[in-house]
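The values are calculated or read from the model by the stated rules, or taken from the named source; none is laboratory data. Computed from a prediction, not measured in an experiment: that's the story for all the values here. Cβ sites come from the backbone with ideal geometry, for glycine too, and all protein chains shown count toward neighbours. Calculation scope for accessible area: heavy atoms of the full protein, side chains included, ligands and nucleic acids excluded. Shrake-Rupley method; radii C 1.70, N 1.55, O 1.52, S 1.80 Å.
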Amino acid sequence: MNDVRIRPIADADWPALAALEERTYAGLGLSEGEAALRSRARVSPATCTVLDRAGDLVGYLLALPYPPFHSPDLSHAETATAAVPTRNLHLHDLVVAPEHRGAGLARRLLRHLTAAARGAGHEQISLVAVAGSAPFWAGHGYRPHPEVPLPDSYGADAVYMSAPVPGRTPTPGRAGDARPGTPVTDEVG
């Protein structure tokens, strides 16, 4: 689909973005609503994008810096106004409209995010795989961390996963380099 472009989220996109999120997740009990989605995008606008096809929103990606082995709680909006100092970028949500799936658009969003993460100095990208999507993410190089506790809002089959950013070498001892079970004092949400 060469007529689809990736661009930053505009204010006018939010109603369509929230409707796509609801259509995707409401049946799973995972829909957050527009206010929570906006709160996550406010933390890191440079890593939140939409797929635009001739003025129609056909997908989106929300990612924000977040301490490794931690994740936003779907039942709460983000309360921080600035990004948490961490080398981890959390891919909070990636959605492609059902009628546009299978055309490689999710891969394009992931490549775009990976380039942005590398350019910003992130060393790792994390996510929470929901609704049986862990095999999809594993196929893209994400490794499951079943020992990482998740907020109940993700559902019983959710699993925390992460992958190194290609071309980046992890820096020991950097901010946000906590391991599972390590208290995080500056966590958002």
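Brief remarks on what is shown
- Members of the range 152-170 that are over 16 Å from LEU109 (Cβ atoms) and either modelled with pLDDT of 95 or more or in a helix (DSSP H, G or I) (or both): ASP152, SER153, TYR154, ALA158, VAL159, TYR160, MET161, SER162, PRO164
- Matching residues, the range 1-56, being open to solvent by 30 Å² or more (accessible area, probe 1.4 Å) and among the hydrophobic types (A, V, I, L, M, F, W, C): MET1, ILE6, ILE9, ALA10, ALA12, ALA16, ALA19, ALA26, LEU28, ALA35, ALA46, ALA54
- Any pair with Cβ under 6 angstrom, 6 or more apart, that starts in the range 99-111 at a residue that is on the phi < 0 side of the Ramachandran plot and ends at one that is surrounded by 17 or more Cβ atoms within 10 Å (Cβ to Cβ) and not β-branched (Val, Ile, Thr): LEU105/LEU51; LEU105/GLY59; LEU109/LEU61; LEU109/LEU94
- Just one residue in the set PRO146, PRO180 is over 22 Å from ALA46 (Cα atoms), at pLDDT 95 or above, open to solvent by 30 Å² or more (accessible area, probe 1.4 Å) and in a loop (DSSP other than H, G, I, E, B); that residue is PRO146.
- Failed condition for SER133, given (1) out of contact with any strand residue (DSSP E or B) (no Cβ under 8 Å at 6 or more places or on another chain); (2) open to solvent by 70 Å² or more (accessible area, probe 1.4 Å); (3) modelled with pLDDT of 65 or more: (2)
- Among the numbered conditions (1) surrounded by fewer than 22 Cβ atoms within 10 Å (Cβ to Cβ); (2) assigned to a strand (DSSP E or B), the only one that GLY59 does not meet is (1).
- Any hit, the range 34-49, residues being part of a helix (DSSP H, G or I), basic (Lys, Arg) and touching a Phe, Trp or Tyr at 6+ places or on another chain (Cβ under 7 Å): yes
- Of all the listed residues (GLU99, GLU78), the sole one being in a loop (DSSP other than H, G, I, E, B) and open to solvent by 10 Å² or more (accessible area, probe 1.4 Å) is GLU78.
- Options HIS70, HIS122, HIS90; residue that is free of Cβ contacts under 8 Å to residues at least 60 places away in the same chain, surrounded by 15 or more Cβ atoms within 10 Å (Cβ to Cβ) and assigned to a loop (DSSP other than H, G, I, E, B): HIS122
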